[in-house]
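Working notes for the structure below.
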Amino acid sequence: MTNSLRVLIVEEQPAIAEQMAFNLRETGFKINWIRTDSEADFLCQLGTPPDLILASYTSPGFSALDALRLLQERQLDVPFAVVP
């Protein structure tokens, strides 16, 4: 049986998001992922909450801390991992 996850990746650079997705696949998960780098798109993606959110800590525009704040304001119970 394959574990499947819907993952939202908060990252400004597409290549870095691809690497995050690749690394997660390497652990044995089948993932369906989407990248966002803005508050508006992040909020839109929360309409159907993902199984996991990976967020880059160092993104200059829309950071992991911004995303976590918005997630908490909406009181959604979604695992959230900050990636250095």
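The values are calculated or read from the model by the stated rules, or taken from the named source; none is laboratory data. Note that the structure is a prediction, hence the values are computed from the model and not measured. Every residue, glycine among them, receives a Cβ derived from its backbone with ideal geometry; neighbour counts consider all protein chains shown. These accessible areas exclude ligands, DNA and RNA; they are computed on the full protein's heavy atoms, side chains included. Shrake-Rupley method; radii C 1.70, N 1.55, O 1.52, S 1.80 Å.
Please list LEU68, LEU54 from largest to smallest accessible area, probe radius 1.4 Å, with all protein chains kept in place.
The ranking, largest first, comes out as LEU68, LEU54.
Report the full-extension gain for the segment ALA81 to ALA40: residue separation times 0.36 nm, less the Cα-Cα distance, to one decimal in nm.
12.8 nm
Would you kindly find the accessible area of VAL82, with a 1.4 Å probe and non-protein molecules such as ligands, DNA and RNA excluded, rounding to the nearest 10 Å²?
The accessible area of VAL82 comes to roughly 70 Å².
Helix 14-26: angle to the longest alpha-carbon principal axis of the chain, degrees 0 to 90, nearest 10?
Helix 14-26 and the main axis of the chain meet at about 40 degrees.
About the Cα centre of the stretch 1-48, how large is the charge dipole given +1 on each Lys and Arg Cβ and -1 on each Asp and Glu Cβ? Please answer in debye to the nearest 20.
340
Towards the positive end of the charge dipole of the chain, with charges on Cβ (+1 Lys, Arg; -1 Asp, Glu), say which of LEU24, ALA55, LEU71 has the farthest Cα.
Working it through, the farthest residue towards the positive pole turns out to be LEU24.
Between PHE29 and GLU73, what's the calculated FRET efficiency when r is the beta-carbon distance and R0 is 25 Å? Round to 0.05.
With a Förster radius of 25 Å, E is 0.35.
Work out from phi, with θ = phi - 60° and the Karplus expression 6.51 cos²θ - 1.76 cosθ + 1.60, the ³J(HN,Hα) of each residue of the stretch 73-78, listed in order in whole Hz, and give x for Gly and Pro.
Along the stretch 73-78, the couplings run 4, 8, 6, 8, 9, 10 Hz.
Summing Lys, Arg as +1 and Asp, Glu as -1, what charge do residues with Cβ under 12 Å from the Cβ of GLN13 carry, GLN13 excluded?
Residues near GLN13 contribute -3 overall.
If I compute solvent accessible area with a 1.4 Å probe over the protein chains, what percent of it on the chain is carbon and sulfur?
Exposed carbon and sulfur together represent 52 percent of the surface.
With +1 assigned to the C-beta of every Lys and Arg and -1 to the C-beta of every Asp and Glu, and no other charges, what is the dipole magnitude of the chain about the Cα centre in debye, to the nearest 20?
It works out to roughly 260 debye.
On alpha-carbon atoms, Rg over Rh for the chain using Kirkwood Rh?
With Rh from the inverse mean 1/r over Cα pairs, Rg/Rh is 0.94.
Can you give the calculated 222 nm mean residue ellipticity of the chain, where each DSSP H run of n ≥ 4 adds -39,500 (n - 2.57) and the sum is split over every residue, rounded to the nearest 500 deg cm²/dmol?
After summing the helix terms and dividing by the residues of the chain, the value is -10500 deg cm²/dmol.
Compute the accessible area per residue over the chain, keeping the other protein chains in place, probe 1.4 Å, unit Å².
Per-residue accessible area for the chain comes out at 61 Å².
What list of ³J(HN,Hα) values in whole Hz, one per residue of the stretch 38-55 in order, does the Karplus curve 6.51 cos²θ - 1.76 cosθ + 1.60 (θ = phi - 60°) give from phi, with Gly and Pro shown as x?
These are the phi-based 3J(HN,Hα) values: 9, 4, 4, 5, 4, 4, 4, 5, 6, x, 10, x, x, 7, 7, 10, 10, 9 Hz.
Once you have a ≥ b ≥ c as the square roots of the Cα gyration tensor eigenvalues for the stretch 7-53, tell me rounded if a/c is under 1.5, and otherwise prolate or oblate according to whether a/b is larger than b/c.
The shape class here is oblate.
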